[in-house]
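Asks: This is the structure, below, for whatever I ask next.
The values are calculated or read from the model by the stated rules, or taken from the named source; none is laboratory data. Predicted model, so just to flag it, every value in this text is computed and none were measured. Don't worry about glycine lacking a Cβ; one is built from the backbone with ideal geometry, like all the others, and counts go over all protein chains shown.
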């Protein structure tokens with residue numbers, strides 16, 4: 001896998017829970033000052049990124065699971081926690097995508113049928129070599145960039161930046177609270193990329209990663225600003241997927257209209273690729289931790305678990321959105337930041 005292909009994968013992991021849960025959480029917490037939370041989170045997100053980079057460089061031949069196995073029973077316990085959490089994360093991503101398709105397009109189709117269609121594609125990808133998946137991801141990323149730029153350029157003329165006021169009318173507390181769901185939902189899932197040993201990546205990752213990372217954050221910033229500056233914060237917060245409804249306002253020369261269905265394809269790419277990476281992470285983790293090498297059975301079992309959780313994890317949208325905003329970011333911080341930090345400290349102490 002090349003360093004560019006590896007870097008592109010980070011965009012899918014970051015974006016998969018941004019449309020819907022992250023935007024909803026940030027705008028309900030920080031309101032019209034959500035764009036400030038985005039900027040501050042970009043700065044603070046380098047703390048977990050540095051930690052992940054240090055773990056990435058601990059042993060060029062080993063991924064995070066191998067490193068944990070060197071810690072004995074405690075390391076295996078960490079691996080089990082990561083396996084459970086990442087497969088749960090995949091089901092959250094697929095639920096968000098399924099709910100989006102159901103609520104906006106196929107409201108008369110059972111949720112199970114919608115999720116089943118996507119899970120078949122994820123299962124197919126799980127049988128492929130990860131390098132092939134990464135190459136497909138590069139194509140998806142280029143398409144995402146084109147779709148995003150098309151939407152951004154079409155909407156920029158409709159903005160009214162006065163709707164972003166008042167600034168900090170409730171103080172800094174909501175702005176800092178708005179950072180938590182961004183870090184928990186969009187940044188910490190980059191931990192999944194530690195499943196690839198450094199020796200499997202050709203070339204230095206820092207420069208291409210920072211380019212993809214910065215572009216993705218720029219997209220976060222523009223989406224928040226455009227939604228609020230066109231709809232206003234009160235109307236924006238009425239929508240579960242405001243970034244989709246904002247696409248409905250696109251009208252180019254009275255010819256290109258109702259293009260939201262085409263432009264929303266980018267979110268399908270994000271979610272499917274993110275789920276595929278989660279399945280690869282858990283599959284590799286189980287193989288290395290428990291020496292279970294029957295990959296066909298493992299692939300089918302994992303996607304079946306994701307499918308089951310997707311359809312039974314939440315009873316309704318209210319419970320789901322409350323979980324995404326008030327519970328999951330903190331779980332993510334504990335499991336995907338503090339445990340990796342403990343692993344790094346233990347490895348340094350033992351060394």
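Asks: Anything in the range 204-219 that is under 14 Å from residue 144 (Cβ atoms) and either in contact with a strand residue (DSSP E or B) (Cβ under 6 Å, 6 or more places away or on another chain) or without any contact (Cβ under 8 Å) to a residue 60 or more places away in the chain (or both)? List them, or say none. Quick ask: steps written out before the conclusion?
Replies: First pass over the range 204-219, keeping only residues under 14 Å from residue 144 (Cβ atoms): 212, 215-216, 218-219.
Hit for the range 204-219 is 218, nothing else.
Asks: A further question follows. Residue pairs, Cβ under 8 Å, 6 or more apart or interchain, first in the range 289-304 and within 21 Å of residue 76 (Cβ to Cβ), second surrounded by fewer than 18 Cβ atoms within 10 Å (Cβ to Cβ) and modelled with pLDDT under 85. List them.
Replies: Going by the 8 Å Cβ cut-off, the qualifying pairs are 298/292.
Asks: Continuing with this model, one more query. Quick one: how many residues across the range 1-41 are closer than 28 Å to residue 202 by Cβ and in a helix (DSSP H, G or I)?
Replies: Here is the first cut: in the range 1-41, the residues closer than 28 Å to residue 202 by Cβ are 1-16.
If we keep only those that are in a helix (DSSP H, G or I) too, we end up with 3-15.
Of the residues in that region, 13 qualify.
Asks: Scan the helices (runs of 4 or more DSSP H) fully inside the range 84-192 and keep the ones with 2 or more residues being surrounded by 15 or more Cβ atoms within 10 Å (Cβ to Cβ) and either in contact with a strand residue (DSSP E or B) (Cβ under 8 Å, 6 or more places away or on another chain) or at pLDDT below 85 (or both). Spell out the reasoning first.
Replies: On the way: elements: 111-126, 130-155, 173-177, 179-182.
Here the list reads 130-155.
Asks: Given the structure, is residue 244 closer than 21 Å to residue 143 by Cα and modelled with pLDDT under 90? Working first, answer last.
Replies: Numbers: closer than 21 Å to residue 143 by Cα: yes; modelled with pLDDT under 90: yes.
Yes; evaluated as a whole, the condition is true for this residue.
Asks: Quick one: would you say residue 47 is surrounded by fewer than 22 Cβ atoms within 10 Å (Cβ to Cβ) and either modelled with pLDDT under 95 or part of a loop (DSSP other than H, G, I, E, B) (or both)? Give the steps one after another, and end with the answer.
Replies: On the way: surrounded by fewer than 22 Cβ atoms within 10 Å (Cβ to Cβ): yes; either modelled with pLDDT under 95 or part of a loop (DSSP other than H, G, I, E, B) (or both): yes.
Criteria met by residue 47.
Asks: Looking at the range 51-73, is at least one residue under 19 Å from residue 289 (Cα atoms), without any contact (Cβ under 8 Å) to a residue 24 or more places away in the chain and in a helix (DSSP H, G or I)?
Replies: Scanning the range 51-73 turns up at least one residue that is under 19 Å from residue 289 (Cα atoms), without any contact (Cβ under 8 Å) to a residue 24 or more places away in the chain and in a helix (DSSP H, G or I).
Asks: Go over the candidates 123, 97, 49, 55 one by one and state the one that is farther than 25 Å from residue 196 by Cα and touching a helix residue (DSSP H, G or I) at 6+ places or on another chain (Cβ under 9 Å). Give the steps one after another, and end with the answer.
Replies: On the way: 123 fails: farther than 25 Å from residue 196 by Cα; 49 fails: farther than 25 Å from residue 196 by Cα; 55 fails: farther than 25 Å from residue 196 by Cα.
When all the criteria are applied, what remains is 97.
Asks: Being closer than 28 Å to residue 308 by Cα and over 21 Å from the mean Cα position of the chain (by Cα) is true for just one of 105, 82, 100, 88. Which residue is that? So that I can check it myself, show each step before the final result.
Replies: Details: 82 fails: over 21 Å from the mean Cα position of the chain (by Cα); 100 fails: over 21 Å from the mean Cα position of the chain (by Cα); 88 fails: over 21 Å from the mean Cα position of the chain (by Cα).
Within the list 105, 82, 100, 88, the selection yields 105.
Asks: Go through (1) modelled with pLDDT of 85 or more; (2) surrounded by fewer than 17 Cβ atoms within 10 Å (Cβ to Cβ); (3) in contact with a strand residue (DSSP E or B) (Cβ under 8 Å, 6 or more places away or on another chain) for residue 201 and report which single condition fails.
Replies: (2) is the only condition that residue 201 fails.
Asks: Looking at residue 67 and the list (1) crowded, with 21+ Cβ neighbours inside 10 Å; (2) under 20 Å from the mean Cα position of the chain (by Cα); (3) farther than 30 Å from residue 242 by Cβ, which single condition is not satisfied?
Replies: In the conditions (1) crowded, with 21+ Cβ neighbours inside 10 Å; (2) under 20 Å from the mean Cα position of the chain (by Cα); (3) farther than 30 Å from residue 242 by Cβ, residue 67 misses (2) alone.
Rundown of residues vs (1) at pLDDT below 85; (2) within 25 Å of residue 241 (Cβ to Cβ); (3) in contact with a helix residue (DSSP H, G or I) (Cβ under 6 Å, 6 or more places away or on another chain), yes/no style:
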| residue | (1), (2), (3) |
| --- | --- |
| 253 | yes, no, no |
| 257 | yes, yes, no |
| 266 | yes, yes, yes |
| 290 | no, no, no |
| 295 | yes, no, no |
| 324 | no, yes, yes |
| 331 | no, yes, no |
| 348 | yes, no, no |
| 351 | yes, no, no |
